Amino acid sequence: MYLIADWRRSHYSKDVIPEMDGQEVTLMGWVHSIRALGKLAFVILRDRAGTIQAVVPKQKVDEETFEIAKKLGKEDIVAIKGKVVANEKAPKGFEVIPIEIRVLNKADAPLPLDPSEKVSAEIDTRLDKRFLDIRRPKIQAIFKIRSEMLKSIRKTFADEGFIEVNTPKLVASATEGGTELFPISYFEKEAFLGQSPQLYKQMMMAGGFDKVFEIAQIFRAEEHNTRRHLNEAISIDSEMSFVNEKDAMAMLEKVVYNCYSDIEYNRPNEIELLELNWEIPEKTFDKVTYTEAIDIAIAKGVEIEWGEDLSRAAERAVGDEMGGLYFITEWPTQTRPFYTLPHKHDNKVCKAFDLMYKELEISSGAQRVHKYDLLVQNISNMGLNPDSFETYLEAFKYGMPPHAGWGLGADRFAMVLTAQDNIRECVLFPRDRQRLTP
Ligand code: ATP
Ligand code: MG
C-alpha cells in the first residue's frame, strides 16, 4: 500500500470527456465494481461526481498494474493514473487505460450495506450504516440539494442586509413554557437545551441590529415518532424591526422562491437523478385565514371547532384543497405563544402565520408583542411566571421597536424540495426517540 503525497486528483469522473484523447488523468475514489475476464479487467471508479470506467487490458499495462486491478475489491479506495483513449464503442465515448493503480486503502468484505446495489435497504439499516448509505448517488443528491438550499438562504439574507447571529443553546428557562424541553445538568443547576432562539433574536431587535438571522440546532423533546418530527432539528430563524407580519411573510416568500431558482440553476443533475417534478413557485404564495382553513376542513368532514389548533386531519383537508405552498394567517390568539401580537380590532385573533406545503407546516411566524405591559400580561395569562423571563423582559423596557419574524424548519423544507416523505431522509444523523447513534 502506498501513500500518495505526490499524487493529486486531476479530474472528477464527470469532467473527463472523449475530447481529452491522449491526455493523462489522475482519478481518485471508491471501486464501485470490478470485473476481471482473463486478460481484461474493468474497474468502475466512483467519486462524488459519478462513475468512470477504467479498462485494464493485460497486454497494454505492466504486469503489476494488471495484478493490482484483478485483486481490487468493492469499495477499496484507489488512485488511478491513466490515459484517456477515445473509443466510440465505450459507454461514454472513451476509456481510461491505467498507467499505474495505487490502492490507498482496502475495504473489508462483505459490506454491511452495498452502495452499488439498486434495491434500497430498510431505512433503519441505512441510518445505522449511514456512511455507506451516503455513497449512493441518490442519497448524496438529497444532501447536495440541502446544501444548495442553505447556501441560497444565506445569500438571500446577505443581499437583504441581514446580520447572522449565534445565540446560546444551553438555556436556563423554556422559550414558551415547560413542555418539549430536554433538561440537562449544568454544574449545580438544572438547565435545558434550547428549543428555539426566539427570545434571543427578539432581544437583538432591542439591540438595534434591525435584521438578524440564525441557522442552528433546536432541541425538542417530542415524544412521538412521526415522519416530520425529530428531537434535534435545524431552524432557520429571522427577525426584523420596524416591520409587521406581512413584511415577514414577504421575506419568507423571497427566501423560499430563491431556493427553488438557485437549486434549479445549480443542481440540475440532482433534480434529474431524484426525478423531481420541479416547478418554481410564484413569487407570492396563496393565503388563507385560519377561519377559512377551518371552514375548508369542516366542509371535508373534519370535526374541528374555531379556536383549536389544526389537527392532522384538518391539515390534510386544507392541504388537499390548497396544493403546494400557501400561508395560513390570522390565527386565534389562544393557539399561539405569548409573544405573538393580537390584532387591535379583535384581540381573539393575532398576527401569526404558518407557511405550509400541502399538509406539512414548514414555518411559523408573526409580528411580535413589543410593549412590556402586554407581554407580562400574556405571560401570566398563559400560566407562566414573568419572573423567570426577567432578562428577556428587560429588553422591552428601554426601547424595543415593533418587530416580526419567523422560523423555517431546514429539515422540513429540505423534505419538500427533495420530495421525501420522511424527514430522516434529509438529515445525516437523525435524532428521534429510538435513535441516538450513530
Ligand atoms: P409542528 O406543529 O409541526 O410540531 P411547531 O408548530 O411545533 O411544529 P414551531 O415551534 O412553529 O413548530 O417551529 C418552527 C418550525 O420549525 C416548524 O414550522 C418546523 O418547520 C420546524 N420544527 C419544529 N419542530 C420540529 C421538529 N420536532 N422536527 C423538525 N422540525 C421542526
Ligand atoms: Mg408552528
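The values are calculated or read from the model by the stated rules, or taken from the named source; none is laboratory data. This one's a predicted model, so the numbers in the text were calculated from it and none came from an experiment. Cβ sites come from the backbone with ideal geometry, for glycine too, and all protein chains shown count toward neighbours. Keep in mind that these areas ignore ligands, DNA and RNA; they rest on the heavy atoms of the full protein, side chains included. Shrake-Rupley method; radii C 1.70, N 1.55, O 1.52, S 1.80 Å.
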- Item | Highest-fluctuation residue, P401, P18, P183 considered, GNM on the chain with Cα pairs under 10 Å | P18
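Semi-axes of segment 252-295's equivalent ellipsoid from the Cα gyration tensor, sqrt of 5 times each eigenvalue, largest first, rounded to whole Å?
The equivalent ellipsoid of segment 252-295 has semi-axes of 28, 13, 6 Å.
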- Considering only DSSP beta bridges with both partners in the chain, what is the antiparallel share in %, to the nearest 5? 90
- Task: Taking a cut-off of 18 Å between Cα atoms, list the lysines near K83, but don't count ones fewer than 8 places away on the same chain.
- Result: K14, K58, K60, K92
- Query: Using modelled backbone amide H atoms (1.01 Å from N, in-plane), which distant-in-sequence or interchain residues come within less than 5 Å of Q195's amide H?
  - Reply: T175, F219
- Query: Using 17 Å as the cut-off for backbone N distance, which residues of segment 17-31 belong to the label zone defined by a point 7 Å from the Cα of R8 along Cα→Cβ?
  - Reply: 24-29
- Give, as ranges by residue number, the residues of segment 205-219 whose backbone N falls under 16 Å from the point 7 Å along Cα→Cβ of K397. 206-207
- Message: For K254, give me every one of the lysines with a C-alpha distance below 23 angstrom, ignoring sequence neighbours fewer than eight places off in its own chain.
- Response: K144, K151, K155, K201, K211, K246, K283, K287, K351, K358
- Task: With the full set of protein chains in place, find how many percent of the accessible area of the chain is carbon and sulfur; take the probe as 1.4 Å.
- Result: 50
- In terms of the Cα gyration tensor, with a ≥ b ≥ c the square roots of its eigenvalues, is segment 184-307 rounded because a/c is under 1.5, prolate because a/b exceeds b/c, or oblate? rounded
- Query: Of the residues Q367, Q59, Q140, which exhibits the maximal mean-square fluctuation in a Gaussian network model of the chain defined by a 10 Å Cα contact cut-off?
  - Reply: Q59
- Query: Which of the trypsin sites (Lys or Arg not before Pro) across segment 225-309 are loop residues per DSSP, with 14 or fewer other Cβ within 10 Å?
  - Reply: R227, K283, K300
- Item | Span per principal axis, largest first, for the Cα atoms of the chain (Å) | 87, 54, 39
- Query: Which residue, E282, E75, E270, tops the fluctuation ranking in a GNM of the chain built on C-alpha contacts under 10 Å?
  - Reply: E282
- Query: What lysines sit close enough to K118 to cross-link, taking a C-alpha to C-alpha distance under 18 Å and skipping anything fewer than 8 places away on the same chain?
  - Reply: K74, K129, K138
- Task: For segment 303-319, just list the computed ³J(HN,Hα) in residue order, Karplus coefficients 6.51, -1.76 and 1.60, θ = phi - 60°, integers in Hz, with x standing in for Gly and Pro.
- Result: 8, 7, 10, 4, x, 7, 5, 5, 6, 4, 4, 5, 4, 5, 4, 5, x
- Message: From the phi angles alone, apply the Karplus equation (6.51, -1.76, 1.60; θ = phi - 60°) to segment 142-155 and give each ³J(HN,Hα) in whole Hz, x where the residue is Gly or Pro.
- Response: 4, 7, 5, 5, 4, 5, 5, 4, 5, 5, 4, 5, 4, 5
- Taking a ≥ b ≥ c as the square roots of the Cα gyration tensor eigenvalues, with a/c under 1.5 meaning rounded and otherwise prolate when a/b beats b/c or oblate if not, segment 133-174 comes out oblate
- Message: Whole-Hz ³J(HN,Hα) for each residue in segment 219-229, computed from phi via Karplus 6.51 cos²θ - 1.76 cosθ + 1.60 with θ = phi - 60°, x for glycine and proline: what do you get?
- Response: 10, 9, 7, 5, 7, 9, 7, 10, 7, 10, 10
